[in-house]
Amino acid sequence: MGAESMGALDIGAALAVLGDGTRGAEWAQAETVLRQAGPAAWPGLAELIVVGADESAQRAGALLGFTHITDEIRMRVLSLLDEDPGERRESVIDFGLGGAAMVPFARVLATSLDDPDPSVVAAAVGAFASIGRATVPVLREVRQSRLRSRRAALAALAEIGWDAIDPRDARLLTRLIASKSRTEIPQSFYPNAEWYALRSTDRDAVLRAFDLSDPVPVTMRAGFERWSTRRTKPSGHWLFGGWADHRQCGQMFVSPAIDGWTLVFGKPKQMYHEYEYEHDAQQRRCVDLSREFGTVYWYVQIQNGGCGDWMSWCAAEHGALTRYYHHDFYGDAVEVGEPLAAEAGLRDPDAAGLWGLMNSHLPHERMLSLIRAQPDYDDQDLDDAAFDAAQQIWVGRVRAALAEVGIDIPPTRSAALIAQRTTVGLGELGADSQVEGHGVLALTECGRRWGHRGAFPL
C-alpha cells in the first residue's frame, strides 16, 4: 500500500497497517488517522495491545496514552475483552478499586462505556468516578464524539462532579430540568431511606434549618431516585467508594411542597457523623425542628437484606416529643410516647414473614405451590413497576390462602405506611398530589467540601 493512499484510510485499514508489522511511512500516517479518529479507534487499539506484535502493541499503547506496554498491562486490557459480561464487569470493578493508579488506563476503560451489557457500562461509570478527576479530559473526548457511549460519559462526568460537565451540556441540562419541573407529576416509589416531613412550604427556611447551601433545582424523579428501592440500579449505585468521600452525606433533597408538606431526604451532617447513640439525638433533632415548623415527622425505612433491615419514626409538635419508635432485628423495639393513631391495627414486624406463616399454617404442597409462583427478583424481563405489581398480586394470594385456614394478617408496621397515614404516602404519589414549587438538591457541610455530584435520571 503506497504512502499516497494513506490519507483516505478508514479506522479498520489504519489498524491493519499498524498491526501488520511493516515499518515505514505508512505507520506514521496510520497513526495520524487513528489519533484523529479519537474514541472511535480506541477499541481496535486496545485489541491490538493484546494480539499485536510487540512494536505494534507499543505503538497502539502510545496512542492510548501508555508510555510502555508491559505484560501486566496486556493482561489488564485482555480482561476487558472477555466474552463473559460477568468477567468484564468484575474487571471494570477492579479498575475502579485501583483508584488514581488506573489513570493511564482511562482510554481503554472508556471502551467499556459502550459495552453491550448495561451492567458493565454502569460499572465503568462508577469506576471513572472512583479513579477521579484526572480522567475528565478522556471522558469529555468521548462526550464530544458521536459514539453511543457519549451518554455514559456524561453520567461518569456527573459522578465525578457537576463542575466537570462541559458548560454547554450544563446549560442544556438546566433548561431540561426547568422544562420538566413545570409539568412533572410525582411518581410513586417505595423508600429505602431516611426522610423528614415538615408542615411548611417555606423552602428557604427548611434549607437554613438543615444548614444546607448551594441548592440546585432538580426534578422530583431525580431527587427521589437515590432514596428509592430499585431492583435495577442506575450508574451511581455502582460506585465502589459509595460510602467514601462523604458521598452519602454530601447532599440532601428538599422536595417541592407536596400536599402542604416539604420532604427532606438524607441525613444532616451532625446526625451522620455524631456517634452518640442515635435515639436520643434523633428525638432532640425532631423537637428542635418542631419549634420552628410546628409539626415534624421523621421516618427511616432501610431494607438491605434480612437482619440489616430497620425502621424508625419520630413525631414532635411545637417543641414537644409525641412519639418515637425504632425496630431492628438486633434487639427489642425502642418506644417513647403513646402509639400514634396511624399505628392502630398494625402488627409488629417479625423475622418469619409470610414464608414463616405459610410454613406454620399451610399444607406443605400448598406452601410449595405458592413459593414457586412468587415473582423472580432477578427476572430481567420485569421492570421495577411490573415486578412490584406481580409481587403485590402474589402477596394477595398468600394472604387469601392463610385466611382460608383462619389466619388473618393485619398490615405490618413500617415507616412507609406510617408516613402514608400521617403526612405523604410515597407509594401513593401521582396526579392527585398537590405540588407547589420545585425540588432542589443542596449541599450539607460535608458536601461543601466536594461540591455537587451524582448522575440521576431526569
### Query
Out of all the residues in segment 361-376, which are under 23 Å from residue 408 (Cβ atoms), exposed (fewer than 14 other Cβ atoms within 10 Å of the Cβ) and not aliphatic (A, V, I, L, M)?
363, 364, 365, 369
### Message
Could you check segment 151-201 and list, in sequence order, the residues that are crowded, with 21+ Cβ neighbours inside 10 Å, part of a helix (DSSP H, G or I) and not aliphatic (A, V, I, L, M)?
### Response
159
### Message
Could you check segment 404-415 and list, in sequence order, the residues that are part of a helix (DSSP H, G or I) and surrounded by fewer than 19 Cβ atoms within 10 Å (Cβ to Cβ)?
### Response
404
### Query
Which condition breaks for residue 327 when tested against (1) surrounded by 19 or more Cβ atoms within 10 Å (Cβ to Cβ); (2) modelled with pLDDT of 95 or more; (3) more than 20 Å from residue 211 (Cβ to Cβ)?
(2)
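Okay, residues lined up against (1) hydroxyl-bearing (Ser, Thr, Tyr); (2) at pLDDT below 65; (3) within 29 Å of residue 120 (Cβ to Cβ):
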residue: 219; (1), (2), (3): yes, no, yes
residue: 234; (1), (2), (3): no, yes, yes
residue: 245; (1), (2), (3): no, yes, yes
residue: 267; (1), (2), (3): no, no, no
residue: 277; (1), (2), (3): yes, yes, no
### Query
Within segment 131-150, how many residues turn out to be part of a helix (DSSP H, G or I), more than 19 Å from residue 250 (Cβ to Cβ) and of a type in the set (Lys, Arg)?
3
### Message
As an exercise: evaluate residue 442 against (1) modelled with pLDDT of 85 or more; (2) over 21 Å from residue 300 (Cβ atoms) and give the number of the one condition it does not meet.
### Response
(2)
### Message
Within segment 281-303, does at least one residue satisfy the condition of being at pLDDT below 85 and either in a strand (DSSP E or B) or within 30 Å of the chain's Cα centre (by Cα) (or both)?
### Response
yes
## Note on the structure
For segment 39-56 the number of residues that are under 37 Å from the mean Cα position of the chain (by Cα) and surrounded by 22 or more Cβ atoms within 10 Å (Cβ to Cβ) is 7
### Query
So how many residues does segment 425-456 have that are surrounded by 21 or more Cβ atoms within 10 Å (Cβ to Cβ) and either farther than 17 Å from residue 213 by Cα or basic (Lys, Arg) (or both)?
3
### Task
Please find, among 165, 185, the residue that is in the same structural domain as residue 106 (by TED's automatic domain parsing) and either under 30 Å from residue 414 (Cβ atoms) or not aromatic (Phe, Trp, Tyr) (or both).
165
### Query
Any residue at all in segment 388-403 that is on the phi < 0 side of the Ramachandran plot, assigned by TED's automatic domain parsing to the domain that holds residue 228 and surrounded by fewer than 12 Cβ atoms within 10 Å (Cβ to Cβ)?
no
### Summary
Counted residues in segment 29-53 being farther than 24 Å from residue 137 by Cβ, assigned to a helix (DSSP H, G or I) and modelled with pLDDT under 85 come to 1
### Task
Identify, by number, the condition in (1) modelled with pLDDT under 80; (2) in contact with a Ser or Thr (Cβ under 6 Å, 6 or more places away or on another chain) that residue 384 doesn't meet.
(2)
### Message
Kindly evaluate residue 386 against the criterion of being without any contact (Cβ under 8 Å) to a residue 60 or more places away in the chain and within 21 Å of the chain's Cα centre (by Cα).
### Response
yes
### Message
Just to verify a result, which residue in segment 120-150, among those that are touching a residue at least 40 places away in the same chain (Cβ under 8 Å) and closer than 17 Å to residue 88 by Cα, is surrounded by the fewest Cβ atoms within 10 Å (Cβ to Cβ)?
### Response
149
## Note on the structure
Selection from segment 20-50 of residues among the aliphatic types (A, V, I, L, M) and in contact (Cβ under 8 Å) with a residue 24 or more places away in the chain yields 30, 33, 34, 37, 40, 41, 45, 46, 48, 49, 50
### Task
Could you tell me whether segment 97-114 includes any residue that is more than 16 Å from residue 76 (Cα to Cα) and outside any helix (DSSP H, G or I)?
no
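The values are calculated or read from the model by the stated rules, or taken from the named source; none is laboratory data. The shown structure was predicted, so the numbers you read here are calculated from the model rather than taken from an experiment. No Cβ is skipped: glycine too gets one built from the backbone with ideal geometry, and neighbour counts run over all protein chains shown.
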